[in-house]
1. Between Ala97 and Lys3, what is the spin-label point distance in nm, taking each point 7 Å from the Cα along the Cα→C-beta axis?
2. Once each part is reduced to its C-alpha centroid, what is the distance from region 104-138 to region 25-46 in angstrom?
3. When the Karplus curve 6.51 cos²θ - 1.76 cosθ + 1.60 is applied with θ = phi - 60°, which whole-Hz ³J(HN,Hα) does each residue of region 30-35 get, with x for Gly and Pro?
4. Quick one: pull the percent of accessible area on the chain belonging to carbon and sulfur, 1.4 Å probe, ligands and nucleic acids left out.
5. Helix 85-98: angle to the longest alpha-carbon principal axis of the chain, degrees 0 to 90, nearest 10?
6. For every other residue with a beta carbon closer than 14 angstrom to the beta carbon of Arg122, add +1 if it is Lys or Arg and -1 if Asp or Glu, then tell me the sum.
7. If DNA, RNA and ligands are ignored and the probe is 1.4 Å, what is the ranking of Asp127, Asp4, Asp24 by accessible area, most exposed first?
8. For the chain, with a Gaussian network of springs between Cα atoms less than 10 Å apart, report the residue from Ala72, Ala89, Ala35 with the top mean-square fluctuation.
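The values are calculated or read from the model by the stated rules, or taken from the named source; none is laboratory data. If you're wondering where the values come from, they're calculated on a predicted model, not measured in any experiment. No Cβ is skipped: glycine too gets one built from the backbone with ideal geometry, and neighbour counts run over all protein chains shown. Only protein heavy atoms, including side chains, enter the accessible area calculation; ligands, DNA and RNA are left aside. Shrake-Rupley method; radii C 1.70, N 1.55, O 1.52, S 1.80 Å.
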Amino acid sequence: MTKDDLYHFIARRRLGVLGSISPDGAPQGALVGIAITRDLEIIFDTVSSSRKYSNLVRNPSACFVIGWEGEATVQYEGLAREPKGAELARYQEVYFAAWPDGPARLAWPGIAYFVLQPKWIRYSDYDQNPPQVEEFKI
């Protein structure tokens, strides 16, 4: 499993379950549409009135689970940030390539974008015998 293999595995999936931390320290999960950069950064949109938005602004530690067809999955841990300006425009290009309806959401009140920078990723495929499990520290 190479970084390129990992990119292609994630890029073939359009959804991921995001985990963030509530103000009282409880975990909160949300299914979101995702896009991935070649540097394995995950991009997603949300609105500023959502729980995930306030959670990530307050505490950028977050995680994803991606892939649930069969028994191949990615566990992904990283730090979220809300890009602005020219940086946001670059990430939106990647996101809109994966989600062509994304530009229509620009009119939504409070639309926001987050990018997760990976710190640790585990790919697991239990459909194989023996199972394939590989970890990446980024």
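1. Calculated label separation equals 1.7 nm.
2. Value for the Cα centre distance between the two parts: 7 Å.
3. Each residue's phi maps through the Karplus curve to give 8, 7, 9, x, 10, 9 Hz.
4. Carbon-and-sulfur percentage of accessible area, whole number: 55.
5. The angle comes out at about 50 degrees.
6. Summing Lys/Arg as +1 and Asp/Glu as -1 gives -3.
7. Result, largest first: Asp24, Asp127, Asp4.
8. For the chain, modelled as a Gaussian network with Cα springs under 10 Å, the answer is Ala89.
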